[in-house]
Amino acid sequence: MERTFAIIKPNAFADGNSGKILSRIYEAGFKVVGLKKLYLSRVEAEGFYHVHSGKPFFAELTEFMASGPCIVMVLEAEDAIRKWRDLMGATNPAEAAEGTLRKEFGKSLGENATHGSDAPETAAFEIGYFFSGLELL
Ligand code: CMP
């Protein structure tokens, strides 16, 4: 079993799509090991996305992630990192395949509805950024 980190981003939360996205997560066979609603500060968003600091979209990205509440989750499944990325679809909703979450709920490259870890090392950092061990029992 593998764990990955996921976010229902502020646009999807504000649009009232959190329940639909969670249903899709359960239908896909994930176990939701951790889940909480947060309203990130700009500094917290910058810390989470530190690997993108210096990129031209960093200010836009962190402003958006601090623009409203989101839901952060730890998902468990076999091959969870790849499986969650497949369910989300391509980063840009315009390029995401039919049936993926970003195709259905994303609005733009920035407001793309969901986030997921891209590798085991990233998942370890991202899970630890938001959850303590006790919250994942
Ligand atoms: P995410 O999977 O959360 O990882 C980093 C995010 O940066 C990505 O989804 C996009 O929402 C965002 N992003 C990536 N490239 C760009 C870009 N060129 N302009 C704006 N946002 C971007």
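Every read-out reported here was derived from the displayed coordinates using simple, explicitly stated rules and does not represent laboratory data. None of these values were measured; they are calculated from a predicted model. Glycine also receives a Cβ, built like all others from the backbone with ideal geometry; neighbour counts cover every protein chain displayed.
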(request) Go through the residues of region 87-99 one by one and say whether even a single one is away from the ligand (no atom under 11 Å from the Cβ), hydroxyl-bearing (Ser, Thr, Tyr) and either buried (at least 17 other Cβ atoms within 10 Å of the Cβ) or assigned to a loop (DSSP other than H, G, I, E, B) (or both). (result) no
(message) So, in region 1-26, how many residues would count as being more than 18 Å from GLY89 (Cα to Cα) and either assigned to a loop (DSSP other than H, G, I, E, B) or free of Cβ contacts under 8 Å to residues at least 40 places away in the same chain (or both)?
(response) 4
(message) Tally up the residues in region 100-121 that are near the ligand (Cβ under 10 Å from one of its atoms) and assigned to a helix (DSSP H, G or I), please.
(response) 1
(message) Going by what's in this entry, would VAL51 be described as part of a helix (DSSP H, G or I), more than 21 Å from ALA12 (Cβ to Cβ), near the ligand (Cβ under 9 Å from one of its atoms) and not basic (Lys, Arg)?
(response) yes
